[in-house]
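Report on one structure; see the data block that follows.
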Amino acid sequence: MSIKNKVIAITPFICTIAFLLLGFLTDKWHPAWLVFLLIPLMPFLVGKKKIRFSIPLVIVGIYLILGLVFGLWHPGWVVLLLIPVFHILLTPTMKDSTDKND
């Protein structure tokens, strides 16, 4: 197992410890949850995967801007509902993919 894979594998454990330490020591539980964003980002940060454009990434970015810049965490979460809506409406289903093979 390479060092990159080990770093990626241990990231959830480190994020949990960091979240608990930040929460208990500073009583800032709300912004401390942001450390969990490192879990999906770590493969990109260590160079295991390349970042590519995706609609869910843009939607999460919009949510973070609404929360961090404007303080709209509570109504802003509704934006995250666009991710499953996008996939339901625009992702081909199994039936669609099997019809193309016939």
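Laboratory data are not the source of any read-out in this text; all were calculated from the coordinates shown. Computed from a predicted structure; not experimentally measured. Don't worry about glycine lacking a Cβ; one is built from the backbone with ideal geometry, like all the others, and counts go over all protein chains shown.
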### Task
Can you give me the span-like helices of the chain, meaning DSSP H runs with 30 Å or more of Cα extent along the axis and Kyte-Doolittle mean at or above 0.0?
3-26
### Summary
Counted neighbours (other Cβ, 10 Å), sorted fewest up, put Phe86, Phe24 in the order Phe24, Phe86
### Query
Once amide H atoms are built 1.01 Å from N in the peptide plane, which residues 5 or more positions from Leu72, or in another chain, come under 5 Å H to H?
Gly67
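I want to check a number: in the chain, how many lysine pairs have alpha carbons closer than 22 Å, given a sequence separation of 8 or more or different chains?
Values: Lys4/Lys48; Lys4/Lys49; Lys4/Lys50; Lys6/Lys48; Lys6/Lys49; Lys6/Lys50.
Counting lysine pairs in the chain gives 6.
Within 10 Å of each residue's Cβ, count the other Cβ atoms and sort Val78, Val46, Val35 from fewest upward. Each step should come with its number before you reach the end.
On the way: Val78 11, Val46 16, Val35 19.
Least crowded to most crowded, the residues run Val78, Val46, Val35.
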### Dipole in debye (nearest 20) - the chain, about Cα centre, beta carbon charges: Lys, Arg +1; Asp, Glu -1
440 debye
### Summary
Along principal axes, largest first, the alpha-carbon spread of the range 19-73 in whole Å comes out as 35, 27, 12
### Task
Using semi-axes √(5λ) of the Cα gyration tensor in Å as the read-out, say which of [x] 31, 23, 11; [y] 24, 15, 12; [z] 20, 14, 13 was calculated from these coordinates.
[x]
